[in-house]
Amino acid sequence: NAGVMQNPRHLVRRRGQEARLRCSPMKGHSHVYWYRQLPEEGLKFMVYLQKENIIDESGMPKERFSAEFPKEGPSILRIQQVVRGDSAAYFCASSPLASNQPQHFGDGTRLSIL
Amino acid sequence: TQLLEQSPQFLSIQEGENLTVYCNSSSVFSSLQWYRQEPGEGPVLLVTVVTGGEVKKLKRLTFQFGDARKDSSLHITAAQPGDTGLYLCAGSTGNQFYFGTGTSLTVIP
């Protein structure tokens, strides 16, 4: 019973490098969401994707951040030229139907920028 | 703009006590979820409420959705150390899904 799988669990990058975070949704789920979380805080919505389409990216910074969910393979959240402020936990969630359905979360990727 | 405000933000209680966490908004939601998150893990879905006034029970946890579907509460009876964690409410409206600010609960043995 595979849930939402995220990798890597921990990622360390130096300032200026690129970070790639991967998310495989639950089997049968075609909707993927990315969130960012700082310690002791709630989740901040970043982007909502369906297969091959970005549905809502209103929470994602316009520069350096991009997301995709190709027809085959996992969803990717890509951060270019990382800065210290990008350090956070990034969570992926998936749902089977529309965005108003309960979401199931992965265990996140902890990104640390040196 | 934070659509969902949770209170209290932090709560530390003794084992055996009761507590209530509130999730408030000025917006109407088609459904509302409660999640619990432990350190180093992702949020885990506890319950979904859909109908205004709905009450759901999950062992010692009681969830209520406000009549107007703008707010919700989570009541825990006889809290145990295993209840420690970050409790998050989340509401959906149309194509949007919003998370609350979170309540960090610590239950002291």
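The values are calculated or read from the model by the stated rules, or taken from the named source; none is laboratory data. This is a predicted model, so every value here is computed, not measured. Every residue, glycine among them, receives a Cβ derived from its backbone with ideal geometry; neighbour counts consider all protein chains shown. We work out accessible area using only protein heavy atoms, side chains counted, and drop any ligands, DNA or RNA first. Shrake-Rupley method; radii C 1.70, N 1.55, O 1.52, S 1.80 Å.
I'd like to check something: does region B:35-55 contain any residue that is closer than 28 Å to residue A:4 by Cβ and touching a helix residue (DSSP H, G or I) at 6+ places or on another chain (Cβ under 9 Å)?
There is at least one residue in region B:35-55 that is closer than 28 Å to residue A:4 by Cβ and touching a helix residue (DSSP H, G or I) at 6+ places or on another chain (Cβ under 9 Å).
Find all pairs meeting these conditions: Cβ atoms under 8 angstrom apart; at least six residues apart or on different chains; first residue within region B:10-33 and farther than 16 Å from residue B:83 by Cα; second residue small (Gly, Ala, Ser) and part of a loop (DSSP other than H, G, I, E, B).
Pairs that qualify, where the first residue is farther than 16 Å from residue B:83 by Cα and the partner is small (Gly, Ala, Ser) and part of a loop (DSSP other than H, G, I, E, B), are B:23/B:100; B:28/B:68; B:30/B:94.
State which residue is least open to solvent (accessible area, probe 1.4 Å) when the search covers only region A:69-86 and only residues that are out of contact with any Asp or Glu (no Cβ under 8 Å at 6 or more places or on another chain) and of a type outside the set (A, V, I, L, M).
Only one residue tops the list, namely A:86.
Looking at region A:15-45 only, could you name the residues that are under 13 Å from residue A:75 (Cβ atoms) and either open to solvent by less than 50 Å² (accessible area, probe 1.4 Å) or over 11 Å from the mean Cα position of the chain (by Cα) (or both)?
Result: A:21, A:23, A:24, A:25, A:26, A:29, A:30, A:31, A:32, A:33, A:34, A:35.
From the set of residues in region A:87-101 that are buried (at least 20 other Cβ atoms within 10 Å of the Cβ) and not aliphatic (A, V, I, L, M), which is farthest from the chain's Cα centre (by Cα)?
A:95
Run residue A:48 past the list (1) open to solvent by 40 Å² or more (accessible area, probe 1.4 Å); (2) within 17 Å of residue A:28 (Cα to Cα); (3) not aliphatic (A, V, I, L, M) and report the number of the one that doesn't hold.
(1)
Just for region A:1-14: of the residues that are of a type outside the set (A, V, I, L, M, F, W, C) and open to solvent by 60 Å² or more (accessible area, probe 1.4 Å), which one is farthest from residue A:105 (Cα to Cα)? If you could, list the steps in order and put the result at the bottom.
First, pick out the residues of region A:1-14 that are of a type outside the set (A, V, I, L, M, F, W, C): A:1, A:3, A:6-10, A:13-14.
Next cut, open to solvent by 60 Å² or more (accessible area, probe 1.4 Å) only: A:1, A:7, A:9-10, A:13-14.
Working: A:1: 14, A:7: 13, A:9: 13, A:10: 16, A:13: 24, A:14: 27 Å.
This residue is A:14.
For residue B:92, state whether it is buried (at least 18 other Cβ atoms within 10 Å of the Cβ) and in a strand (DSSP E or B). Spell out how you get there, then give the answer.
Working: buried (at least 18 other Cβ atoms within 10 Å of the Cβ): yes; in a strand (DSSP E or B): yes.
The answer is yes for residue B:92.
Kindly evaluate residue B:62 against the criterion of being at pLDDT below 95 and farther than 27 Å from residue A:108 by Cα.
So residue B:62 fails the test.
Check every one of the strands (runs of 3 or more DSSP E) wholly within region B:1-89 and list those with 3 or more residues that are under 11 Å from the mean Cα position of the chain (by Cα).
B:5-7, B:19-24, B:31-37, B:44-49, B:61-65, B:71-76
I'd like the residue in region A:37-55 that is touching a residue at least 40 places away in the same chain (Cβ under 8 Å) and within 9 Å of another protein chain (Cβ to nearest Cβ) and, out of all such residues, is farthest from residue B:105 (Cα to Cα).
Result: A:55.
Which condition breaks for residue B:105 when tested against (1) more than 10 Å from chain A (Cβ to nearest Cβ); (2) in contact with a Pro (Cβ under 6 Å, 6 or more places away or on another chain); (3) open to solvent by less than 40 Å² (accessible area, probe 1.4 Å)?
Looking at each condition in turn, residue B:105 falls short on (2).
Could you tell me which of the residues B:71, B:83 is open to solvent by 10 Å² or more (accessible area, probe 1.4 Å), under 27 Å from residue A:59 (Cα atoms) and more than 13 Å from every other protein chain (Cβ to nearest Cβ)?
The unique qualifying residue is B:71.
Identify all residues within region B:51-68 that are touching a Ser or Thr at 6+ places or on another chain (Cβ under 6 Å) and either surrounded by fewer than 13 Cβ atoms within 10 Å (Cβ to Cβ) or of a type in the set (Phe, Trp, Tyr) (or both); write none if there are none.
B:65
Of the residues in region B:23-68, how many are more than 10 Å from chain A (Cβ to nearest Cβ), more than 17 Å from residue B:98 (Cβ to Cβ) and small (Gly, Ala, Ser)?
Counting residues in region B:23-68 that are more than 10 Å from chain A (Cβ to nearest Cβ), more than 17 Å from residue B:98 (Cβ to Cβ) and small (Gly, Ala, Ser) gives 2.
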